[in-house]
Structure formats: C-alpha cells, structure tokens
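The values are calculated or read from the model by the stated rules, or taken from the named source; none is laboratory data. Nothing here was measured: the structure is a model prediction, and the numbers come from that model. Cβ sites come from the backbone with ideal geometry, for glycine too, and all protein chains shown count toward neighbours. With ligands, DNA and RNA removed, areas are computed over all heavy atoms of the protein, side chains included. Shrake-Rupley method; radii C 1.70, N 1.55, O 1.52, S 1.80 Å.
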Amino acid sequence: LKGFGLTDNASNPAKYRFPDVTLQPGRHITVLAAGEGVQASQNLCAPFKLSRLGCTVALFDAQDKLIDRYFIGTLPQNISVGREAGAAQTAYFETPTPGQPNGEGKKGFAGDVQFSQKAGVYDGAVELTLSASDGCDIYYTTEKGVTPTSASKKYTGPITINKTTAVRAIAHRGDYIPGGTATATYFINPPHTLPLISLVTDDKNLFDPNTGIYMEGSNATGSLKEGANFHNDTEVSASFEVYDESGAKVFNQNIALRMAGGLSQ
C-alpha cells in the first residue's frame, strides 16, 4: 500500500499516504480518521476527521488513480456504516466493530415519530396522534420518562392527555435501525407566572440502585464514597424543553446529563 492515498477530499488524494505496509488476502488495516497531530500505537492515523453530518471518504492508488469512494450521509450518534461482511452493498450498524468484520447490518433508519399537537401549555385535555414513515410501528410511554422500546405500549390510535404528561415515542421497522426517541411535554392548566422547564429522562438513569448517576452503586468506598456512581463522568440521555410565561416554546433539544460539583453531607 506504500503511496496509496486516503482522503476526505477527492481533489486532494494525498491528504494521507500509506506507509510501506502490505495487506494480505483476508486481512485488514485500521486507519483512524483522528485529525492532525494524533498518533496511536496500534493503528494508523489520518490527519482528517469524518463528520457524521455527511462527508466523502476516498481511496487512491500510488499514482492517484481513484480506486473506491463512498459518501457518508448523515448518521445518528454511535451508528457506523460500511459493507456487510462478504457482501457488496453497504449497511448500517448499531454496534461498531473496529478491527473486526462488520457482520449483519440494517438497511436504513426508521425515522422519528411526529406529534400531531405541539408540545406546550393547554387549557384542557389534548387528543394526540402519532405518525411515522410507512411500514413503521410506533411504541410510546407516558410515565417516569421511560425510554420507549419495542416492548413498550404499541400505538394504535389517538392518545387523550388530561394531565401534565411527557410523551416519548419511537418508530420501529423490520430490518431498519429504530428512529430516535421523540419527546413532547403537554402542560395541562399549570398554575405558573414564570417560564416552564421540562427535563425528561428515564427514571432509572438517575435512581437505579446499581447504575443511577445519583446513586452510590456497588463500587463506593470510604467516607468520601470514592468510586460511587455520582463521582463518575457517566452521561445519560435526556430531553430539555423551555416554555416562556405565555406557554410558547423557547427551546427543545436532546441533551446529556452528568453529575458535577463536590460532596456535601
């Protein structure tokens, strides 16, 4: 492979040149697209990064002849794309396996669930309809911020909301990676004169005795609880919504939560 080029810009084949290494049949070489100045003892490192928002990766021979090129479209976090083991077509993988065969992948993404009513403040009950791409089944939860899965309640018709509720929903479809968790909070007759905030996460993310970030967990030792969950940098996913005094939405985004600060008794 000496002189072969790997790049994220087809007009610049020389962004990364392979050293004098030989790739044997049935073997692999891992190249980390790690950016400028990064080195790794066990892998080759290219001086550019690949964006999950979309980019191209291309391979050239030593004479700068294009051998292969692939456009990486927008990817959700923690999802990889590549060719299935032993197949020509590309697929998406929920469990990336750097340095190992790709295994069986998925055809695409189920997409996100859409809500018929905007999240926010209402004077009375709300009738909510959920929708998703053709061929998708929708699963939802309405209590304790539980993250929906295919084991959650399946959506079959309109949902009546008559008290303040955070609705979370996800779409599933056959050989596709499930869509992201969609969250919307409906405030029913809230007595407020200040802005409203809705912070929604699965109850177990915070208070599970073993894994909750507010809890000691099983590794806490000593008077300062070294090793406790609340001393770790573990992040958990959540939804964050802000509504102004009139009930109009100001902000809505999926975020991560983790513990910060010192220890108080």
Out of curiosity, is Ser133 of a type in the set (Ser, Thr, Tyr), surrounded by fewer than 19 Cβ atoms within 10 Å (Cβ to Cβ), over 22 Å from Gly174 (Cα atoms) and modelled with pLDDT of 90 or more?
-> no
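Taking the residues in the range 49-66 that are in a loop (DSSP other than H, G, I, E, B) and under 19 Å from Lys2 (Cα atoms) as candidates, determine which candidate is farthest from the chain's Cα centre (by Cα).
Step one: list which residues in the range 49-66 are in a loop (DSSP other than H, G, I, E, B), which gives 50-54, 61-65.
If we keep only those that are under 19 Å from Lys2 (Cα atoms) too, we end up with 61-65.
Numbers: Asp61: 35, Ala62: 37, Gln63: 39, Asp64: 36, Lys65: 36 Å.
Among those residues, the one meeting the criterion is Gln63.
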Please determine, by comparing only the residues of the range 19-59 that are touching a residue at least 24 places away in the same chain (Cβ under 8 Å) and touching a Lys or Arg at 6+ places or on another chain (Cβ under 6 Å), which one is most open to solvent (accessible area, probe 1.4 Å).
-> Ala33
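Quick grid of which residues meet (1) of a type in the set (Ser, Thr, Tyr); (2) buried (at least 16 other Cβ atoms within 10 Å of the Cβ); (3) without any contact (Cβ under 8 Å) to a residue 12 or more places away in the chain; (4) farther than 21 Å from Leu59 by Cβ:
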position: Pro76; (1), (2), (3), (4): no, no, no, yes
position: Gly86; (1), (2), (3), (4): no, no, yes, no
position: Phe93; (1), (2), (3), (4): no, yes, no, no
position: Pro96; (1), (2), (3), (4): no, no, no, no
position: Glu104; (1), (2), (3), (4): no, no, no, yes
position: Gly108; (1), (2), (3), (4): no, no, no, yes
position: Phe115; (1), (2), (3), (4): no, yes, no, yes
Restricting attention to the range 67-89, the residues that are basic (Lys, Arg), under 23 Å from Glu36 (Cα atoms) and within 23 Å of the chain's Cα centre (by Cα) number exactly 0
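For the structure I just gave you, tell me whether Phe240 is out of contact with any helix residue (DSSP H, G or I) (no Cβ under 6 Å at 6 or more places or on another chain), outside any helix (DSSP H, G or I), among the aromatic types (Phe, Trp, Tyr) and loosely packed, with under 12 Cβ neighbours inside 10 Å.
Working: out of contact with any helix residue (DSSP H, G or I) (no Cβ under 6 Å at 6 or more places or on another chain): yes; outside any helix (DSSP H, G or I): yes; among the aromatic types (Phe, Trp, Tyr): yes; loosely packed, with under 12 Cβ neighbours inside 10 Å: no.
Judged against the criteria, Phe240 is not a match.
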Selected residue (criterion: least open to solvent (accessible area, probe 1.4 Å)) from residues of the range 162-208 that are closer than 15 Å to Thr234 by Cα and of a type outside the set (Ser, Thr, Tyr) | Asp202
